[in-house]
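Undergrad: I'd like to ask some things about the structure below.
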Amino acid sequence: MRTVASLLFLVLMGSAAQSDDVARGAARATIERQIDAFRRNDAPAAYAEAAPQIRNLFPSAETFIAMVAKGYAPVLRPRSYRFESVQETAEDEIAQGVSLQDEAGLDWVALYTLQRQADGQWRITGCQLKKAPGERV
């Protein structure tokens with residue numbers, strides 16, 4: 001009986017880890033779709049990746065893009081980016097670190113927060129952006 005319980009535990013733990021990997025991959029895909037949309041100047045597609053609470057603050061794709069251009073310009077057209085550490089901050093919420101380099105070659109660190117919506121899709125709830133340690137302008 002102990003063996004059955006141990007096997008069940010291992011299967012359940014494996015399923016949970018696999019589920020976490022799927023969630024993390026889906027959250028990363030959301031960020032990638034938004035960055036790709038920014039690079040293509042596709043405001044509606046970039047706006048679609050924002051969570052409802054962000055869309056409520058910025059009621060059109062144009063106002064959303066204007067806000068991003070003013071306060072988060074490095075994410076609009078990064079030369080390159082790579083995903084860093086990820087952390088589940090709550091049930092159905094993830095914080096994903098991203099290192100990126102802007103068009104001018106300056107390095108930045110972004111911390112995206114995402115939330116799984118009722119339809120199962122991950123949407124971006126925020127982004128904190130700062131210069132990478134040691135970077136000067």
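The values are calculated or read from the model by the stated rules, or taken from the named source; none is laboratory data. Bear in mind that the values here come from a model prediction, so they are computed numbers and not experimental data. Using ideal geometry, Cβ is built from the backbone for each residue, glycine included, and neighbour counts are taken over all protein chains shown. Side chains included, ligands, DNA and RNA excluded: accessible areas come from the protein's heavy atoms. Shrake-Rupley method; radii C 1.70, N 1.55, O 1.52, S 1.80 Å.
Undergrad: Keeping every protein chain present and rolling a 1.4 Å probe, give me the accessible area per residue for region 66-137 in Å².
TA: Spelled out: the 1.4 Å probe surface of region 66-137, per residue, equals 59 Å².
Undergrad: For a quick check of your reading of the filter: which trypsin sites (Lys or Arg not before Pro) in region 69-116 sit in a DSSP loop and have no more than 11 other Cβ atoms within 10 Å?
TA: Working: sites: Lys70, Arg79, Arg82, Arg116; in loops: Arg79.
Nothing satisfies the criteria.
Undergrad: Considering only protein heavy atoms, with the full assembly of protein chains and a 1.4 angstrom probe, order Thr113, Thr30, Thr89 by accessible area, largest first. Working shown, then result.
TA: On the way: Thr113 50, Thr30 0, Thr89 80 Å².
Ranked list, largest accessible area first: Thr89, Thr113, Thr30.
Undergrad: Here is a follow-up. Checking the a/c ratio against 1.5 first, then a/b against b/c, what shape does the Cα gyration tensor give for region 17-137? Walk me through the numbers on the way to the answer.
TA: Working: a/c = 1.87, a/b = 1.18, b/c = 1.59.
It comes out oblate by the Cα gyration axes.
Undergrad: What FRET efficiency do you get for Glu62 and Glu103 if R0 is 25 Å and r is their Cβ-Cβ distance, rounded to the nearest 0.05?
TA: So, using R0 = 25 Å, E works out to roughly 0.70.
Undergrad: Using a ≥ b ≥ c from the Cα gyration tensor of region 50-104 (square roots of the eigenvalues), is it rounded, prolate or oblate, where a/c under 1.5 gives rounded and otherwise the larger of a/b and b/c decides, a/b for prolate?
TA: Numbers: a/c = 3.49, a/b = 1.04, b/c = 3.34.
Note, shape of region 50-104 comes out oblate.
Undergrad: Separation between the Leu76 and Val22 pseudo-spin-labels, each 7 Å from Cα along Cα→Cβ, expressed in nm?
TA: In this crude spin-label approximation the distance works out to 3.8 nm.
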